[in-house]
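Asker: Got a structure for you, questions after.
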Amino acid sequence: MLRTIILSSSLLAASAFGVLTAESLSEAPPATLEAGYGQLYNLQFAAAHQTFQDWQRNHADDPLAPASDAAQYLFAEFERMHILQSEFFTHDQHFFTDHKLAPDPQVKQRFEEALASSRRLAAQQPGTPRAEFAAVLCDGLESDYTGLIEKRYAAAFTQMKAGRARAERLVAANPTYYDAWLAVGVENYMLSVKPAPVRWLLRMSGGQTDKSLGLEKLRLTAEKGHYLAPFARLLLAVAALRDGHTDEARNLLAGLTREFPQNPLYASELKRLAAPGSRPAEGSLP
């Protein structure tokens, strides 16, 4: 039952990728991290890994450095296993079965090591917004891996709730951490599209299922976020397709295609929308 509700609260999908920190309110975000996330969205995973490693060597106490590298490992595995296509945009019901691949144990080990490194550094800086966001990011990334790759949905749901609660505390004290709002938006929107009895069970288990709130926070991240803004725009495109707002979806996907030309997911969906008789996505989310 929980299979279709777990998406990057990271990511959050997990979930996606970085934070607008207190430092970046008065100056441009670190160029190397920004470049790394751009490479990640463009599916240039080896280059993103190198960029994040370079940043970590020069900023050894930054918990976002290993968390960012963990995001790179996660999304590289998503791409290899066609996770985003099957969860967001599947139109052929045999797609997921035909592309069922096993997780790479070496990638999992490196992913877990990066999460552990980030959490260790964050624990050395308790209460600081940057450390708190790194912890939010780790919760979301772990939830995405657990649910979308390992298919352990109950555990992933628990991790997703923990990340969302931590994100709520962070933005309550630091509301301009716009990327952190994605955790709230993802949980509320993704759970809201479930059938009413399922939503009731999820609320009883501590989940949030407010569709309007979810879309509001996704838009906030898309408009004012930094590293997570492209992922928020992708989720808004999915929401627009589900609601039959094809013009909105087309505009969002066109912008993503221009910004990240090496990622074929956006362009393929945009091309599909231009085809005669196109209809909203029919993947595993409904």
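The values are calculated or read from the model by the stated rules, or taken from the named source; none is laboratory data. Computed from a predicted structure; not experimentally measured. Heads up, the Cβs are rebuilt from the backbone with ideal geometry, glycines too, and the neighbour counts pull from every protein chain shown.
Yes or no, residue by residue, for (1) surrounded by 14 or more Cβ atoms within 10 Å (Cβ to Cβ); (2) outside any helix (DSSP H, G or I); (3) of a type in the set (Ser, Thr, Tyr); (4) modelled with pLDDT under 85:
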| position | (1), (2), (3), (4) |
| --- | --- |
| TRP200 | no, no, no, yes |
| LEU220 | yes, no, no, no |
| PRO230 | yes, no, no, no |
| VAL238 | yes, no, no, no |
| GLN262 | no, yes, no, no |
| LEU265 | yes, no, no, no |
| LYS271 | no, no, no, no |
| GLY277 | no, yes, no, yes |
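Asker: Answer yes or no: is there a residue in the stretch 95-109 that is modelled with pLDDT under 90, within 25 Å of VAL186 (Cβ to Cβ) and assigned to a helix (DSSP H, G or I).
Answerer: So far as the stretch 95-109 goes, yes, one or more of its residues are modelled with pLDDT under 90, within 25 Å of VAL186 (Cβ to Cβ) and assigned to a helix (DSSP H, G or I).
Asker: Taking the residues in the stretch 169-189 that are of a type in the set (Ser, Thr, Tyr) and touching a Gly at 6+ places or on another chain (Cβ under 8 Å) as candidates, determine which candidate is farthest from PHE133 (Cα to Cα).
Answerer: TYR189
Asker: Whether any residue in the stretch 124-142 is at pLDDT 85 or above, of a type in the set (Asp, Glu) and under 29 Å from TYR266 (Cα atoms) is what I want to check.
Answerer: yes
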